[in-house]
Amino acid sequence: LREIDGCYLPVIRVPHDQEEEFRGRSDWSARPDDILICAYPKSGTHWLWEIACMLLNGNAERIHLMKEMSMVECLSRSGLDSMTSPRVLNTHLYYGQIPEDFKRKQCKMIYILRNPRDVAVSFFNHHTRLLDYEYDGNWQQYLPRFIEGKVDYGSWFDYVVDWETTMNKNQQNPAHVVTYEDLQKDCVKEVSRLATFLKTEGTATLYADIAEQCNFKKMKKEKDPLEDTTEWKDHKPGMYRKGVVGDWKNWFTVAQSDMFDTVYKEKLNNVTLPVPYT
Ligand code: A3P
């Protein structure tokens, strides 16, 4: 991990030769029709990005691109400028770290939240299975690290509080909030809700098709060939791991869950966002 301008970023996302580019991002230009998906890592960004791209394209055909290619922190300024509109971008940066022009131009933002205990489990598997991290700690060692925010992009708690205080309360950008759990519960409904926010034209059949094309099994099967297997432990890509709600119950001990609860209550005291937490 490296710290650039107060952001903890994985070296694989922002290689050393792109550091200056990243530092200059406050000057990057946005376009009024840009759409920005904002999420703490492991919250379902790939899923939502795929859905949003299909809605914009007006069909349920798979997007044969990797989400990472439209990730603000992985792009160079010229890479961003060369993308065709409308651009569906994504980022794990805090609201305050996003290039200012996205705020000035009032770009639409989609914010996805997921139960932080499931996020912790998913991130643990990400960190231990993606070889570049060289992390070999066990779950017991990892959880306090996650809670303290000693991971890429910092603390989940700070991320949510940042969004609440800078974005949610002030309504700086038009924003649509969705949860991973609601996507699991009724994906068609969430696709339709998102279409209303994005003002894309579509039918109930299209929304159902999109939900079907983006189901976990299909995305796992079709996306894997795009992931470089050599980057993963045992050559098994892990971006699409389990794709369920509540896996945390298989990992947390009662003591770990209690510890998490204490921090959660303390830090998220004033948050009004619909954080899934059961
Ligand atoms: P798990 O590790 O719990 O399986 P992100 O895209 O933000 O990195 O989030 C990754 C998490 O979303 C992983 O969670 C991944 O399996 C899950 N995921 C990705 N696509 C999904 C889909 N179509 N349906 C359900 N879960 C999905």
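For the reader, a short list of remarks on this structure follows.
- For segment 1-26, the set of residues classified as open to solvent by 30 Å² or more (accessible area, probe 1.4 Å) and either hydroxyl-bearing (Ser, Thr, Tyr) or within 17 Å of residue 83 (Cβ to Cβ) (or both) consists of 8, 18, 21, 26, listed by residue number.
- Test set (1) aliphatic (A, V, I, L, M); (2) open to solvent by less than 20 Å² (accessible area, probe 1.4 Å); (3) not in a helix (DSSP H, G or I) - residue 275 fails condition number: (2)
- Taking (1) open to solvent by 60 Å² or more (accessible area, probe 1.4 Å); (2) in contact (Cβ under 8 Å) with a residue 40 or more places away in the chain; (3) among the polar types (S, T, N, Q) in turn, residue 196 satisfies each apart from (2).
- Any hit, segment 116-135, residues being free of Cβ contacts under 8 Å to residues at least 12 places away in the same chain, over 29 Å from residue 200 (Cβ atoms) and touching a Ser or Thr at 6+ places or on another chain (Cβ under 7 Å): yes
- Within segment 145-181, considering residues that are free of Cβ contacts under 8 Å to residues at least 40 places away in the same chain and part of a helix (DSSP H, G or I), the one farthest from the ligand (Cβ to nearest atom): 165
- Being in contact with a helix residue (DSSP H, G or I) (Cβ under 8 Å, 6 or more places away or on another chain), among the aromatic types (Phe, Trp, Tyr) and within 23 Å of residue 11 (Cβ to Cβ) holds for only one residue in 159, 153, 207, and it is 153.
- Residue within segment 164-186 that is buried (at least 21 other Cβ atoms within 10 Å of the Cβ) and within 27 Å of residue 4 (Cα to Cα) present: yes
- Residue in segment 205-229 that is farthest from the ligand (Cβ to nearest atom), counting only those that are more than 26 Å from residue 115 (Cα to Cα) and open to solvent by 80 Å² or more (accessible area, probe 1.4 Å): 205
- Checking each residue in segment 261-278 for being in contact (Cβ under 8 Å) with a residue 60 or more places away in the chain, of a type outside the set (Lys, Arg) and within 23 Å of residue 178 (Cα to Cα) picks out 264, 268, 270, 271, 272, 273, 274, 275, 276, 277, 278.
- When segment 28-79 is filtered for residues that are at pLDDT 95 or above, within 13 Å of the ligand (Cβ to nearest atom), open to solvent by 20 Å² or more (accessible area, probe 1.4 Å) and assigned to a loop (DSSP other than H, G, I, E, B), only 42 remains.
- Reported count of residues in segment 234-260, each being open to solvent by less than 70 Å² (accessible area, probe 1.4 Å) and either of a type in the set (A, V, I, L, M, F, W, C) or within 24 Å of residue 183 (Cα to Cα) (or both), is 12.
- Residue 201, sole failed condition from (1) open to solvent by 60 Å² or more (accessible area, probe 1.4 Å); (2) part of a helix (DSSP H, G or I): (2)
The values are calculated or read from the model by the stated rules, or taken from the named source; none is laboratory data. Remember, predicted model here, so these are calculated numbers, not experimental data. Backbone-built Cβ (ideal geometry, glycine too); neighbour counts: all protein chains shown. Areas reflect the complete protein model, heavy atoms only, side chains present, ligands, DNA and RNA absent. Shrake-Rupley method; radii C 1.70, N 1.55, O 1.52, S 1.80 Å.
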